[in-house]
Amino acid sequence: MILRQLADIAEKKNLNDPRVLVFCQPVYNIRTGKFDTAEALMRLRLEGMGTVYPDQFIPLAEENRYIHTLTEIILNKTCRVLHNLIAEGYEIQRISVNVSALELRDADFCTDINRIIDDSGVDCSRIAIELTESRSESDFLLMKERIDELKEKGITFYLDDFGTGYSNMERILELPFDIVKFDRS
């Protein structure tokens, strides 16, 4: 059921697909005493199943090459929410969106990300991309190239779940991450 829905979402490529939900988890800034950043969390709401959590659909989406469409949808929805919150007067510095390292292999990855952000009217500096560690040397080099390209536009980069991949701290320092989030293990 989940796989069929993912295939349908990818085929339709509707950036406002109502089956893909975005929730923002606020992050408290201890320096300012405000919730001024957040992380976008993706869920699916599927008829007959209710809410489906990432551990149930992300591996399927990656394995079947549907993950980039989901990223485009969540980024689009996040940018729209961010645009509206800023227009309403909220002081939001940035919202982060998780991206699969597998997506970096797509030659159009940076173009797609830039297009969605540009179309939303949100400044790129208000978007962060969270990546997990690469699993191979070729992914590592590609990750560096893609990060450099998008950082030129002002996008912030987080390394998510450091400690779960093959990298060590010395290797990670070669990448231009702004923030490193350590895995709880």
(Q) Quick check: with the 1.4 Å probe, what order do H83, H68 take by accessible area, largest first? (A) H83, H68
Q.
Need one word for the chain: rounded, prolate or oblate. Basis is the Cα gyration tensor (sqrt eigenvalues a ≥ b ≥ c); a/c below 1.5 gives rounded, then a/b vs b/c decides.
A. rounded
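Provide V27, V20 ordered by accessible surface of protein heavy atoms (probe 1.4 Å), highest first.
The residues order as V27, V20, largest area first.
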Q: First select every other residue whose beta carbon is under 13 angstrom from the beta carbon of V22; then total the charges, Lys and Arg +1, Asp and Glu -1.
A: +2
Q) Ignoring ligands, DNA and RNA, what percent of the accessible area of the chain is carbon or sulfur (1.4 Å)? A) 49 percent
Q. Along the charge dipole of the chain, which of V99, G89, P59 sits closest to the positive end, that is, farthest toward it, with unit charges on the beta carbon of Lys, Arg, Asp and Glu (+1, +1, -1, -1)?
A. G89
Q.
Given the whole protein assembly as supplied and a 1.4 Å probe, what does the accessible area of S125 come to in Å², nearest 10?
A. 60 Å²
Q | Cα radius of gyration and Dmax for the stretch 1-111 (Å) | A | 15.1, 46
Q) What FRET efficiency comes out for the pair D118/D178, r = Cβ-Cβ distance, R0 = 22 Å, nearest 0.05? A) 0.60
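The values are calculated or read from the model by the stated rules, or taken from the named source; none is laboratory data. Keep in mind that this is a model prediction, so the values were computed, not measured. As a convention, Cβ positions derive from the backbone with ideal geometry for all residues, glycine included, and neighbour counts pool all protein chains shown. The protein model used for the area step is the full one, side chains on, heavy atoms only, and it has no ligands, DNA or RNA in it. Shrake-Rupley method; radii C 1.70, N 1.55, O 1.52, S 1.80 Å.
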